[in-house]
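In what follows, a structure is listed as structure tokens, so that the remarks can point back to it.
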Amino acid sequence: MQHVEMNFDGLVGPTHNYAGLSYGNVASVNNAKGVSHPKQAALQGLIKMKTLADLGMQQGVLAPQARPDLSVLRRLGFSGTDAQVLNKAAKSDPVILSACYSASSMWTANAATVSPSADSADGKIHFTPANLTNKFHRSIEPEVTGRILRATFNDPKVFVHHQHLPENDHFGDEGAANHTRFCSAYDQSGVEFFVYGRHSFDASHPAPKKFPARQTFEASQAVARLHGLTEDNTVFALQNPDVIDQGVFHNDVISVGNQNVLFYHQQAFARTESVLDEIQRKMGHTQMHFIQVPTEQVTINDAVRSYLFNTQIITLPNGEMTIIAPMECQENPAVYQYLNDLVKQPTPIKHVQYIDVKQSMQNGGGPACLRLRVALKEHEQAAINQHTRLTDAKFIELNQWVEKHYRDELAIADLADPSLLLESQSALDELTQILHLGSVYPFQLG
Ligand code: SUG
């Protein structure tokens, strides 16, 4: 196939842990302080990537962030040698330490919003790293994310990299977790669908009452402007505030799209009918398939626990669509029944494949959270850093790298151990060589 949508999965970093940092994300809070398994988590992520590659998909790898983030700890007043900084933070504020140790950059759906060249005014692929202002542990990601994206999509003739939006909740931006693109084929101009949780400057709109709405209307509009999108190829939709209050902290927990398919829960949007009408109108002659999942078949609670909508809908080389679903969908009777019925219906979705990403799921990150989608024409595929492609050889090399550097278990108390910092740095230093990224981490830049 000459034009494809490539998935770039975040490699799970060596400090993957359960710190309970994401208020509003049910799994993160429920698994707080549990013992994590970083090696198993990274291997599960690699098998997921290999599964897609074996289905004939083009699969890429995005490097994780360096953690702990010592520069943030120093900025917050912890001083001395690296070991002293960690020691002081562990004693006086272990929550800050765990935030600076979070491996949350693995969820690369939140790394950036990406607009392909067929949609942008200048015919280039645009990236805006997400500022992730709503959660402290995630707000420290965007600068290094920008560096990793530049090292991965490293040809300025083809790729444009914007600075992340201003770091303020008014412009809270969670990246592609709240962005879907519809098109007839990946190289054809499409409609970019931005879903937001609240308006920052106009309090007259509905907003959730309990949990935070992380993505704002103003941020979505700014990203569309930066990417040279127009009124004709964008749709902006307000998420239903009631479902945010039930644990739907990103739109990709309640809806997912691919090409001419939108798979969504009945309660996903505030004004469903007008949103669907606008998408179809802007898609012109391309007939959309709107697959609505009714509450009476799958409740919001089942959707949040199983991550039915945090699935990837992919188009296989033969043109059929497959859903890549977490095992939790198989374990939930209502959801499993729904998916078994769905593949028999007259929609483009013909298969379901279940995968094990439990280590990530326990922090609220399903298959769709773990990947950043980039639609690429043939010459654009040639312009990416080829060392970030998941080939059979790279899969073996990365597995060996994980086996060599990662711990089997990590408890919150282990974060005070200065040797974890050194292990993490030597792992990531080697990774930048495996992926030919150059120096992207603060500890490499001196
Ligand atoms: O931002 N969890 C992530 C999960 C991100 C899921 N991404 C998408 N839906 N696209 C978050 O809430 C938990 C970390 C902890 O509690 O240790 C965390 O950051």
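The values are calculated or read from the model by the stated rules, or taken from the named source; none is laboratory data. It should be emphasised that the depicted structure is a prediction, and the values quoted were computed from it without experimental measurement. Cβ atoms come from the backbone with ideal geometry, glycine included; neighbour counts cover every protein chain shown. All accessible areas refer to the heavy atoms of the entire protein, side chains included, with ligands and DNA or RNA removed. Shrake-Rupley method; radii C 1.70, N 1.55, O 1.52, S 1.80 Å.
A few remarks follow.
- Candidate set: region 92-110, residues that are aliphatic (A, V, I, L, M) and open to solvent by 20 Å² or more (accessible area, probe 1.4 Å); chosen: the one nearest to the ligand (Cβ to nearest atom): Val95
- Any hit, region 168-181, residues being touching a residue at least 12 places away in the same chain (Cβ under 8 Å), within 16 Å of the ligand (Cβ to nearest atom) and surrounded by fewer than 20 Cβ atoms within 10 Å (Cβ to Cβ): yes
- Hits in region 379-395 - residues which are closer than 23 Å to Ile148 by Cβ, open to solvent by 30 Å² or more (accessible area, probe 1.4 Å) and within 24 Å of the chain's Cα centre (by Cα): Ala382, Gln386, His387, Arg389, Thr391, Phe395
- Filter pass, Leu70 being away from the ligand (no atom under 15 Å from the Cβ), of a type in the set (A, V, I, L, M, F, W, C), open to solvent by 50 Å² or more (accessible area, probe 1.4 Å) and over 18 Å from Leu370 (Cβ atoms): no
- For the condition within 16 Å of the ligand (Cβ to nearest atom) and under 16 Å from Ala109 (Cα atoms), His126 does not qualify.
- Candidates Val29, Val12, Val35, filtered to the one that is buried (at least 18 other Cβ atoms within 10 Å of the Cβ), hydrophobic (A, V, I, L, M, F, W, C) and within 13 Å of the ligand (Cβ to nearest atom): Val12
- Residue count for region 331-360 satisfying the condition of being under 12 Å from Arg305 (Cα atoms), of a type in the set (A, V, I, L, M) and open to solvent by 20 Å² or more (accessible area, probe 1.4 Å): 1.
- Sole exception among (1) more than 16 Å from the ligand (Cβ to nearest atom); (2) buried (at least 22 other Cβ atoms within 10 Å of the Cβ); (3) more than 18 Å from the chain's Cα centre (by Cα) for Met49, by number: (3)
- One residue stands out in region 239-262 among those that are out of contact with any Lys or Arg (no Cβ under 7 Å at 6 or more places or on another chain) and more than 15 Å from the ligand (Cβ to nearest atom): the one that is most open to solvent (accessible area, probe 1.4 Å), namely Asp242.
- Within region 296-317, the set of residues being more than 20 Å from Glu331 (Cβ to Cβ), in contact (Cβ under 8 Å) with a residue 24 or more places away in the chain and open to solvent by 30 Å² or more (accessible area, probe 1.4 Å) comprises just one member, Pro317.
- Scanning region 359-408 for residues that are in contact with a Ser or Thr (Cβ under 7 Å, 6 or more places away or on another chain), away from the ligand (no atom under 16 Å from the Cβ) and of a type in the set (Lys, Arg) yields a single hit, Lys377.
- Any hit, region 114-131, residues being among the charged types (D, E, K, R) and within 27 Å of Leu86 (Cα to Cα): no
- Boolean, Asp82 is charged (D, E, K, R), within 16 Å of the ligand (Cβ to nearest atom) and farther than 30 Å from His379 by Cβ: no
- Residue list for region 349-360, filter: farther than 20 Å from Ala185 by Cβ and β-branched (Val, Ile, Thr): Val352, Ile355, Val357
- Residues of region 202-219 that are touching a residue at least 24 places away in the same chain (Cβ under 8 Å), under 23 Å from Thr230 (Cβ atoms) and assigned to a loop (DSSP other than H, G, I, E, B): Gln215 alone.
- Test for Leu21: is it of a type outside the set (D, E, K, R) and assigned to a helix (DSSP H, G or I): no
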